[in-house]
Ligand code: AP5
Ligand code: MG
Ligand code: ZN
């Protein structure tokens, strides 16, 4: 049976940071809709061009564009046994479309909770790798050499949507459109809560336990 793990939580909660480790430990491919859009932008595709304005403004890309892109990705062979979702679903309509697509798959959603003030601190200090998408933080996980990715040696940059005003907008959009997705999974009895405010290693341990169904 397909096993699908969904990471929910505000922007900057640490979804990407944790998904990279969890993906390895659980042998589930990491599928991030934000990363997929950024790849499209880098390649200059029509989809990337359509998404750019929404992303730069901190708004959600329209559901139909996201859903088509996501279904295309999870339809590939590596996702046959399951996958780990980061940044999807972000609206109740996306969650409903995913349900219909997955049928009887085994689904677990984990909400990674972090307060707004910490989100702002994390995102305005984040440095992302242009090469591999790895993230550093200027204070919380600085690279060994300034401006250079520890993992691949690529150049680090600050995402245009990580400016303070766009982060505030993303948080408002999260509260309005994404927060209701939690209730969608809670009502199905498949939602776990993990405190994302702790050290990355502690968050990871808690996520792994929740993913394995050891705790609720
Ligand atoms: P996306 O790229 O998904 O952005 P996001 O949800 O806003 O999340 P982030 O990537 O900003 O944060 P994260 O939780 O991954 O945190 P990270 O691990 O990097 O989406 C971007 C845009 O694309 C959206 O705004 C939208 O326009 C569009 N989009 C994407 N999906 C969509 C969808 N489904 N529908 C519609 N539109 C969509 O960590 C953040 C920082 O904190 C890092 O610097 C990290 O080093 C640091 N950090 C991590 N953990 C800790 C810790 N425990 N303690 C201290 N620091 C930490
Ligand atoms: Mg991310
Ligand atoms: Zn890199």
Taking the radius of gyration and the Kirkwood hydrodynamic radius from Cα positions alone, what is the Rg/Rh ratio for the range 77-184, to two decimal places?
1.03
Rounded if a/c under 1.5, otherwise prolate or oblate - the range 8-53, Cα gyration tensor axes
oblate
If you average the C-alpha positions of the range 36-78 and of the range 146-201 separately, how far apart do those two centres end up, in angstrom?
17 Å
As a check on your grasp of the helix formula, calculate [θ] at 222 nm for the chain: sum -39500 (n - 2.57) over DSSP H runs of n ≥ 4, divide by the residue count, round to the nearest 500.
-13000 deg cm²/dmol
With 0.36 nm assigned to each residue of separation and the Cα-Cα distance removed, residue 175 to residue 155 gains 3.9 nm
Between residue 116 and residue 148, Cβ-based FRET efficiency (R0 35 Å, step 0.05) works out to 0.70
Give the value in nm², to one decimal: projected area of the alpha carbon convex hull of the range 25-86, averaged over all directions.
4.6 nm²
Segment residue 96-residue 27, extension gain: residue separation times 0.36 nm, minus the distance between their alpha carbons
22.3 nm
Given N residues in the range 111-172, what is its alpha carbon radius of gyration divided by 2.2 N^0.38 Å?
1.15
Take the alpha carbon atoms of the range 102-135, find their center, do the same for the range 202-216, and report the distance between the two centers in whole angstrom.
16 Å
Of the residues 93, 77, 155, which exhibits the maximal mean-square fluctuation in a Gaussian network model of the chain defined by a 10 Å Cα contact cut-off?
77
Under 10 °C and 1.306 mPa s, how fast does the range 42-121 diffuse according to Stokes-Einstein, given a Kirkwood radius computed over C-alpha pairs? Answer in µm²/s, whole number.
108 µm²/s
Translational D (Stokes-Einstein, µm²/s) of the range 149-216 at 20 °C and 1.002 mPa s when Rh comes from the Kirkwood sum over C-alpha pairs?
142 µm²/s
Which whole number of Å³ per residue matches the convex hull of the alpha-carbon atoms in the chain?
117 Å³
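Bear in mind these aren't lab numbers, they're just calculated from the coordinates by the rules spelled out. If you're wondering where the values come from, they're calculated on a predicted model, not measured in any experiment. All Cβ positions, even for glycine, are placed from backbone atoms using ideal geometry, and neighbour counts span all protein chains on display.
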